[in-house]
1. So, A211, is that one within 21 Å of E145 (Cα to Cα) and either of a type in the set (G, A, S) or modelled with pLDDT of 90 or more (or both) or not?
2. Applying the selection to the range 260-304, what residues are closer than 21 Å to A237 by Cβ and open to solvent by 60 Å² or more (accessible area, probe 1.4 Å)?
3. How many of the residues in the range 126-171 are of a type in the set (A, V, I, L, M, F, W, C), open to solvent by 40 Å² or more (accessible area, probe 1.4 Å) and at pLDDT below 90?
4. Under the condition of being hydroxyl-bearing (S, T, Y) and part of a helix (DSSP H, G or I), which residue from the range 77-95 is surrounded by the fewest Cβ atoms within 10 Å (Cβ to Cβ)?
5. Name the residues in the range 214-234 that are modelled with pLDDT of 90 or more and under 15 Å from L262 (Cα atoms), would you?
6. Answer yes if at least one residue in the range 236-256 is open to solvent by 10 Å² or more (accessible area, probe 1.4 Å) and either farther than 27 Å from T312 by Cα or touching a residue at least 40 places away in the same chain (Cβ under 8 Å) (or both), and no otherwise.
7. Restricting to the range 14-25, count the residues that are at pLDDT 85 or above and either over 22 Å from the mean Cα position of the chain (by Cα) or part of a helix (DSSP H, G or I) (or both).
8. Which numbered condition trips up A46, out of (1) over 17 Å from A111 (Cβ atoms); (2) open to solvent by 40 Å² or more (accessible area, probe 1.4 Å)?
Amino acid sequence: MRRTRKLALEYRMWHEHRAPEGTGLDPADVHRRMGSLRKGLLGPVAAASALRDAAVIVDAEAAACVETIKRIDTEYGTVFRRVAYVSGEYLAPYEHLLVARDGLARSRRLAPQLRSLAGRYERRAQRRPSAFGAFRRPHVATLKEAGDTKRLLRALGHKDDEICGRAATALSDLHVTEAVEPLLAILDGRRPGGGEPSKKVRGSVVAALTAFHEPRVADALLRYAYEHADDYDDFGALSGLVQMGDARALEPLAAHLPGGNLPNYAVRLLADLGDPRAIPILRDFIGELERRRPPEGASLRLRDLDLKAARTALARLDPEHHPPQDDNRAEP
């Protein structure tokens, strides 16, 4: 894992803003996947694919460096070989030449290392994931890739919050219905491995449960939203209810508007919910915001952002409502 982190970091450092042509790959996507690899979020098959695609990007960058070196040598090579010191109008192309040479050397060294590591991950993908226990951490991405739901369910009880949260996400992505019961237990404060779940684990579980559109899940999310409204930990549950189209999210969302927490986000969720009962609620909120006269500065800008979001949300619900023309700037 140490070698993986080192190579992934080196790739992201030197190739973050490079976009060589002719590879048929999206450099931004490869960069994102290499970041996930560095964090240990990819299974062996996905890791090997990311590494091989990264090697293709590096090879393309090496080819670009070769072309740059040839071009500069054709134009300035005679001068560079004749003088002892480069200065004046020749300094910039000479520095460009040095950068291209350095990039070429780095790319020729990095590409074989990426392919070698990809081969290791491909061989690892052929093996069954190793067992884990008290002294061995499960690699959730590998278990997810292998579809090993039994071990993923066991990983929910791991004492490490990060592993528990990743297992919840993986079970949600795989839509494992057997995970609903232990996930609901965690939401109620009963962790499978014992102890009370942390806020981080609860957040991962709430996000995972939104994939299961079941009445018992909706009831649990609504209860969680009400129980955690005061500690600002309810928006994940409310967002899940909105995704399910559960109209019961209307009331707790409306409570976030006048003087509540994150009204900007609450009005967007109200618009996503699509319940016409939110129209008078949004109109009242807009009227309250328009009557405010905050002093110049941050308070005024914050009021204007909330007002813009509320008017946009109302326009989505009420076709007859049209935001003022001077308020039609891009969303922040």
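The values are calculated or read from the model by the stated rules, or taken from the named source; none is laboratory data. Everything quoted here is computed from the prediction, not taken from an experiment. With ideal geometry, Cβ positions are generated from the backbone for all residues, glycine too; neighbour counts draw on all protein chains shown. Accessible surface is based on the protein model in full, side chains and every heavy atom, while ligands, DNA and RNA are left aside. Shrake-Rupley method; radii C 1.70, N 1.55, O 1.52, S 1.80 Å.
1. So A211 passes the test.
2. Looking only at the range 260-304, we keep the residues that are closer than 21 Å to A237 by Cβ, and these are 260-275, 277-278, 281.
L262, Y265, R268, D272, R277 - these are the residues of the range 260-304 that are closer than 21 Å to A237 by Cβ and open to solvent by 60 Å² or more (accessible area, probe 1.4 Å).
3. If we filter the range 126-171 for residues that are of a type in the set (A, V, I, L, M, F, W, C), which is where we start, we get 131-132, 134-135, 140-141, 143, 146, 152-153, 155-156, 163-164, 167-168, 170-171.
Retained after the next criterion (residues that are open to solvent by 40 Å² or more (accessible area, probe 1.4 Å)): 131, 134-135, 146, 153.
Still in the running and at pLDDT below 90: 131, 134-135, 146.
The total comes to 4.
4. Step one: of the range 77-95, the residues hydroxyl-bearing (S, T, Y) are 78, 85, 87, 90, 94.
Cutting the leftovers down to part of a helix (DSSP H, G or I) gives us 78, 90, 94.
Details: T78: 10, Y90: 14, Y94: 16.
Among them, the one singled out is T78.
5. If the condition is that a residue be modelled with pLDDT of 90 or more and under 15 Å from L262 (Cα atoms), then A225 is the only one that fits.
6. No, the range 236-256 contains no residue that is open to solvent by 10 Å² or more (accessible area, probe 1.4 Å) and either farther than 27 Å from T312 by Cα or touching a residue at least 40 places away in the same chain (Cβ under 8 Å) (or both).
7. The first filter runs over the range 14-25 and keeps only residues at pLDDT 85 or above, leaving 24-25.
Filter again for either over 22 Å from the mean Cα position of the chain (by Cα) or part of a helix (DSSP H, G or I) (or both), leaving 24.
The qualifying residues number 1.
8. That leaves (2) as the condition not met.
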